[in-house]
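What follows is a single structure, written as structure tokens, with notes after it.
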Amino acid sequence: MKDDSRAKDEAEASAARRVAALARYDILDTERESAFDDVVRLLARTFKAPMAVVNLVADDRQFFKAETGLGVRETPLETSFCAHAILEQDRMVVPDAREDARFACNPLVTGVPGLRFYAGRVLKSAEGVAIGTLCVLDTEPRPQGATELQMLTLEVLADQVMTQLELRRTIKERGESDARAARALEASAYVGAWDWDIVNDRVVADDQFARMYQVAVEEARRGVPIRRFMDAFHPDDVERVTAEIDQALKDQSLFESEYRLRREDGSVGWVLARGQVVADASGRPTRFSGVAIDISQRKAAELELAETLQALAESERKFRAIADSMPQMVWSTLPDGLHDYYNARWYEFTGAPEGSTDGEGWNDMFHPEDQQRAWQVWRHSLETGDPYEIEYRLKHNSGVYRWTLGRANPIRDEGGRITRWFGTCTDIDELKRGEQARELLSQELSHRIKNIFAVVSALISLSARHHPEARPFAQALRTRIAALASAHEFVRPHTDRSRPTLGSLTLHGFLADLFRPYADEDGVSRVVVGGEDADFDDQAATSVALLFHELATNAAKYGALSVDEGRVRLDTQRRGDRFVLTWAEEGGPPPRTGPRPTGFGSSLAEASVEGQLGGTLTREWRPEGLKVVADLPETALSRRRAAARRK
């Protein structure tokens, strides 16, 4: 009895977690969407089955976000195959439901529509909570189950469903966050908000924004053309701010600008305006919303501080050090590194009580993983007098850690002795997140391309099983696809962490691997690499791969490799302190005469040689074929060894 009660409690808790997770996606009872409908259509076609469903299991029913072949949007939970599937680890396959004790008596099996085959993949939230399944059903049994390719397709499409759901959840949470921010703005006397309907040139603003820009409150609530608000701009700032607005509309980017406003009493105030342009599906800007913050007091304080600094000789040196460091959060220390000053921006950013981070208390504001490293770099600067520069995570007043760039320069007296350090902290969190997002996108694209290679290779193998006479051709084709996949790993953009490691591979060995897809039917490479070999490391791999991958691809489409009798000779020679690589095509179609536009791939290859390797690239369109010469510094192919020799 205790075991039964415990199992019941666990089942109820699991159901509660599932219902709560579904609520966070706000997906139940929503209309059909093409992103999900396309998934079930593709799944049904892959399995050659009449029915496929994106099924979300609620507390007492199963809701079909997308379905094909069923004709209904929900069914009772009692007849659900998927209620069993979510109890499995990841997936469930039922070859014949009549022979499965879990489903033999199910009305959907014994009656209409007479289900027999089922294959499903569990859909899990980011927190690991099972919320439903992506499944396919058939009225005919499949004793052999599903093929490997079909199951791979099921898994990939299930991941795509969760990607769409996570995107929906992110948008929902962002909307809730914006609503909270709007409520906070209403309570602020120094912040005004606007929303510009660009298409109809109608700006709706709150009361504070209207008062800042000398527009009647009632008019601002109804909406007026943007020119009414721009009339309040200081004449000296009109041209600059107008250009910044136009640029934000053009780039559909974040807008941020500080400028002056003329007040009704004739005085001048300062505002910091920040906004975001939103575009429609065609890319046309439609809305421009944001906030304006009254920073007049801050500007006045900055002016007063500047006047005070100018009155003192030491203050003049401080000003220069701060200006050189492009200050945002400003701090200073004594020669021994003891902090004794922070500006208001520091306390605004960190939320720390004034004076609490003097001395050595500032280190506690760093992320625990960054504290030791930051101390080491700071101590080195104190001991040597070298400028201080480091990136670390600094605790924001919201409680989260934001990436920050710290810089400092020493102030020296006439004898060269350090009398003070002046430094700044610059918030670079958005820049770092942008870099991480680009790296994530690169990895995601690479992952999907690899999946495409894998799926194509699997399709070739599957076809070869049904056509034994084509197995040699299929094996050769799979070999070429595998080689292309290997080459792709070097051609795609890399960071220092994601770049492949070559080990002891030489230049000729690397090129031989790169050109494997272009072998003839006997496996002999049609790109013959000769001449003097060279040491080679992963720092040069991507640039070299981009160049010769582009040349080989173009040769296969238009040049020597596009015909059976065509060949390419790649000669490598060391000439003094240079290393020259010569690509010469022969036996192909005669090159086209006249001007040749430079494509994106060719431009990228040229940029890799000239920008990354520090060399030059020349092309010669000879009657017998294209000739390309890459003239590189000898050290370009193995920079690590060159650096070690210099040491």
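The values are calculated or read from the model by the stated rules, or taken from the named source; none is laboratory data. Just so you know, these numbers come straight off a predicted model, no measurement behind them. Note that each Cβ is placed from the backbone with ideal geometry, even for glycine, and that neighbours are counted across all protein chains shown. When the accessible area is computed, the model is the full protein with side chains, heavy atoms only, and any ligands, DNA or RNA have been set aside. Shrake-Rupley method; radii C 1.70, N 1.55, O 1.52, S 1.80 Å.
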Can you compute 3J(HN,Hα) from phi for each residue in region 115-124, using the Karplus curve 6.51 cos²θ - 1.76 cosθ + 1.60 with θ = phi - 60°, rounded to whole Hz and x for Gly and Pro?
5, 10, 9, 9, 9, x, 10, 5, 9, 10
When averaged across all projection directions, what area in nm² does the alpha-carbon convex hull of region 97-145 cover?
4.1
Carbon + sulfur, % of accessible area of region 154-297 - ligands and nucleic acids excluded, 1.4 Å
51
Can you work out the base-10 log of I(q)/I(0) for region 141-244 at q = 0.19 1/Å, using the Debye formula on its C-alpha atoms alone?
-1.02
Counting Lys +1, Arg +1, Asp -1, Glu -1, what net charge surrounds Ser125 among other residues with beta carbon under 15 Å of its beta carbon?
+3
For region 86-182, place one equal point scatterer on every Cα, skip the solvent, and apply the Debye formula. What is log10 of I(q)/I(0) at q = 0.23 Å⁻¹?
-1.15
The aspartates and glutamates whose Cα lies under 18 Å from the Cα of Lys627, excluding any fewer than 8 residues away in the same chain, are Glu550, Glu565, Asp571, Glu585, Glu586, Glu606, Glu610
Region 221-280 - Rg over Rh from alpha carbon coordinates, Kirkwood radius:
0.99
How much accessible area per residue does region 113-264 have, counting only protein heavy atoms and a probe of 1.4 Å, in square angstrom?
52
Test item: Cα-centred dipole of region 168-288, Lys/Arg +1 and Asp/Glu -1 on Cβ, debye:
460
Over the Cα atoms, compute the radius of gyration (one decimal) and Dmax (the largest Cα-Cα distance, rounded to a whole number) for region 344-414, in Å.
13.0, 44
